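Below: one structure, written as structure tokens.
The values are calculated or read from the model by the stated rules, or taken from the named source; none is laboratory data. Keep in mind that what you see is a predicted model, and the values were worked out from it rather than measured. We place every Cβ from the backbone using ideal geometry, glycine too, and count neighbours over all the protein chains shown. Side chains are part of the model used for accessible areas, which takes the heavy atoms of the whole protein and leaves out ligands, DNA and RNA. Shrake-Rupley method; radii C 1.70, N 1.55, O 1.52, S 1.80 Å.
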Amino acid sequence: MIEDDLRAAFARHEALTPPVGPLRSTIDRLAAARRRRRLRLRAGGAALALLGVLGIGLPPFTPDRVAEDATLFAEPTASAPAGALNILLLGVDGSAKEPARLADSVLLVHIPADRSRPYLISLPRDLAVPIPGHGTDKLNAAFRHGAGDGRPDLGRGYELTRRVVTDLTGVRVDAGAVLTYPVLRRLTDEVGGVEVCLPREVRSIHTKRVFPTGCQRLDGAASVDLLRQRRGLPEGGLDRDRHAQLFAAGLIRRAGEQGVLTSPVRLFALVDTVGADLVVGGTGSPLVDLLKVLPELKSVDPVGLSLPVGPPEGLGWRLPPDPKEAPAFLAALREDRLAQWAARNPGQVNRTR
């Protein structure tokens with residue numbers, strides 16, 4: 001009886017029920033918009049990783065502030081950024097969720113105003129530098145001082161390191177990225193591996209893997225293993241810096257071969273490989289404008305350089321800038337004359353293949 005009464009009551013009020021079509025349509029539109037927004041943000045992270053390695057300026061973007069970013073997909077302006085660009089890449093052992101103590105690879109990518117080719121400039125981890133609020137310490141410690149203990153703030157670690165590098169070089173850092181080993185591993189695997197040509201055999205103290213002399217294509221795990229090696233190398237951290245240059249150059253060439261650098265479709269294919277683990281910072285223009293810089297490059301074959309340093313000092317093995325050669329090198333960087341400096345100092349040009 002009760003069931004019959006309920007059915008009758010529902011039948012009497014059925015005409016008063018609002019149509020579900022419009023409501024369902026609204027829900028579907030909101031869900032689709034949310035999915036598109038999430039996809040755009042993740043794709044932006046993938047694009048930032050590749051463009052950061054190449055050395056293209058990018059807007060501020062961190063995993064904790066994606067919702068506040070208003071420039072990544074802003075309306076394009078008439079032209080791409082002009083003038084020389086300087087991008088700071090920090091290689092750290094860790095991820096956005098795991099402690100990252102030191103920036104053991106500090107690479108400044110210089111794109112000259114004539115867009116001739118990228119210059120990969122290694123700044124030694126053991127370089128003695130003034131760190132605001134922390135006296136004089138090794139360059140790699142700037143990241144730790146900025147990021148803090150416990151769960152580190154990668155963005156703050158990057159920012160303090162950027163200030164130190166700006167004070168050291170005298171050039172504006174337009175943008176940069178913190179590249180953790182998980183990011184590099186996934187990025188390498190997504191492009192199908194990176195070719196690295198080693199001048200000598202390297203034996204991993206972590207995995208016992210042997211990297212033979214000569215050219216070899218490395219997957220993500222092998223690339224990270226190589227980039228971690230310092231102990232046992234003839235020049236320690238300086239050799240690791242050269243390996244980082246070889247890897248970065250190989251990644252740039254690989255991305256160029258696959259059309260990733262100029263194809264939004266290929267950039268979107270990297271969505272799930274990088275995502276929120278990437279932390280970048282700096283100033284820049286809308287992403288669509290930054291993409292316009294890529295076709296302007298006459299060559300994507302980079303030139304590898306290192307800041308000239310003197311012999312280590314003290315028990316901490318801190319490296320001072322070479323008092324004779326470093327000022328001339330930094331002047332060439334500030335004045336966008338690295339091509340001329342490299343031509344006059346061929347012995348200081350590092351191989352990148």
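Quick rundown of the values:
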read-out: Region 315-341, residues that are farther than 17 Å from Gly237 by Cα and either open to solvent by 60 Å² or more (accessible area, probe 1.4 Å) or over 25 Å from the mean Cα position of the chain (by Cα) (or both); value: Pro323, Lys324, Glu325, Ala326, Pro327, Ala328, Ala331, Arg334, Glu335, Arg337, Gln340, Trp341
read-out: Verdict on Ala100 being farther than 18 Å from Leu330 by Cβ and either out of contact with any strand residue (DSSP E or B) (no Cβ under 8 Å at 6 or more places or on another chain) or modelled with pLDDT of 95 or more (or both); value: no
read-out: Single condition Ala249 does not satisfy, out of (1) free of Cβ contacts under 8 Å to residues at least 60 places away in the same chain; (2) touching a Pro at 6+ places or on another chain (Cβ under 8 Å); value: (1)
read-out: Odd one out for Asp239 among (1) surrounded by 15 or more Cβ atoms within 10 Å (Cβ to Cβ); (2) more than 24 Å from Leu108 (Cβ to Cβ); (3) free of Cβ contacts under 8 Å to residues at least 12 places away in the same chain; value: (2)
read-out: Hits in region 116-131 - residues which are touching a Lys or Arg at 6+ places or on another chain (Cβ under 6 Å) and part of a loop (DSSP other than H, G, I, E, B); value: Ser116, Asp126
read-out: One residue from Ala249, Ala222, Ala244, Ala255 being among the aliphatic types (A, V, I, L, M), over 25 Å from His110 (Cα atoms), open to solvent by less than 40 Å² (accessible area, probe 1.4 Å) and not in a strand (DSSP E or B); value: Ala222
read-out: Hits in region 156-189 - residues which are over 17 Å from Leu108 (Cα atoms) and in contact with a Lys or Arg (Cβ under 8 Å, 6 or more places away or on another chain); value: Tyr181
